[in-house]
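Enquirer: Sharing a structure here in structure tokens format.
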Amino acid sequence: MFKGLVLGIVIGILLLVGCLYLYFSLGFAPVATAAHPMPLERRLAKLALHAYLDKQQHSQPLVPADEANLIAGAKVYKEQCATCHGLPSEPKSAISKGMFPAPPLLFEGVGVTDDEPWETYWKVENGIRMTGMPGFKGQVGEKEIWQVTMLVKNADKITEPVKKELLAGNSTPMSMAMDDMGSAPAKESKPTKETKPSKATKK
Ligand code: HEC
């Protein structure tokens, strides 16, 4: 009786593993970004992320959310994040439209204004595996990550100067993506004034 039960459980487990293997090996699992999510894919990914984040220490912001820091955050944002997460009232980039999961627009709707800063800081520093969200640790300084964190935390109440900084310079999502090809990565964060053809051009 007991032996039969154990055997049943073992066979059950083997069958389950076998089916999972066939699902992947026979090409049933979605691989294109436009394909439907796998059963439970989103839920399991969310579960794992939240369970992990709950175990992390909740560090306090290194910088206050004052205008100077939000402007500094805007500089980081338009260089490193806008391609995927969009700019206020700008259309989505081709890159962001083609991604799965889709990067949330951080200047539309609630964005991450309802998340605690430590949580956003962690995501920007470490990235989110298998989503396309990069980890910026070692690429962007700790202070800058806090500044951009405070910016997206306060995305629903940015002042005109901050918005201006976000939209200033030649930083439309596509031109940013093109800029990076072949040229040196991580340009200086000085705003460029290349939005319009120089006034010298005559018609
Ligand atoms: C190459 C595209 C890409 C870039 C560049 C990128 N992200 Fe993301 N980001 C994503 C994707 C995709 C997700 C969604 C992940 C998911 O569904 O769990 C995401 C998720 C996030 C989240 C979590 C959103 C939520 O609702 O919980 C935050 C916060 C975030 N990104 C901030 C940033 C910041 C700040 C930058 C720039 C420093 C940045 N990202 C750069 C693609 C990107």
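Enquirer: In nm, give the distance between the simple-model label positions of Tyr23 and Leu47, each being 7 Å from the Cα along the Cα-to-Cβ direction.
Expert: Each label point is offset 7 Å from its Cα along the Cβ direction, giving 1.2 nm.
Enquirer: A follow-up question, please. Sorted by average packing, counted as other Cβ atoms within 10 angstrom per residue and highest first, what order do 78-85, 157-164, 56-63, 116-123 take?
Expert: On the way: 78-85: 22.5, 157-164: 14.4, 56-63: 12.8, 116-123: 19.6.
Highest-to-lowest ranking by the protection proxy: 78-85, 116-123, 157-164, 56-63.
Enquirer: With a Cα-only, solvent-free Debye model of the range 7-135, what are the log10 I(q)/I(0) values at q = 0.15, 0.18, 0.22 Å⁻¹?
Expert: Debye curve over Cα of the range 7-135, log10 I(q)/I(0) at q = 0.15, 0.18, 0.22 Å⁻¹: -0.89, -1.15, -1.48.
Enquirer: While we're on this one: What number comes out for the charge environment of Glu144, summing +1 per Lys or Arg and -1 per Asp or Glu over other residues with Cβ under 12 Å away?
Expert: Values: positive: Lys75, Lys137, Lys143; negative: Glu79, Glu125, Glu142.
It works out to a net charge of 0.
Enquirer: Additional query: Could you list log10 I(q)/I(0) for the range 67-179 at q = 0.14 Å⁻¹, which the Debye formula gives when each Cα is one point scatterer?
Expert: So the normalised log intensities are -0.50.
Enquirer: What are the principal axis extents of the Cα atoms in the range 115-171, in Å, biggest first?
Expert: 34, 27, 22
Enquirer: Can you give the extra length, in nm with one decimal, that the chain gains between Leu5 and His58 once fully stretched, where that is 0.36 nm per residue apart less the Cα-Cα distance?
Expert: So the chain would gain 14.5 nm between Leu5 and His58.
Enquirer: Then there is this: Apply 1/(1 + (r/R0)^6) to the Cβ-Cβ distance of Glu142 and Ala34, taking R0 = 41 Å, and write down the FRET efficiency to the nearest 0.05. If you can, show how the numbers build up before the last one.
Expert: Numbers: r = 37 Å, r/R0 = 0.89.
Using R0 = 41 Å, I get an efficiency of 0.65.
No value in this document is a laboratory result; all are computed from the given coordinates. Every value quoted in this text rests on a predicted model; they were computed, and no experiment measured them. All Cβ positions, even for glycine, are placed from backbone atoms using ideal geometry, and neighbour counts span all protein chains on display.
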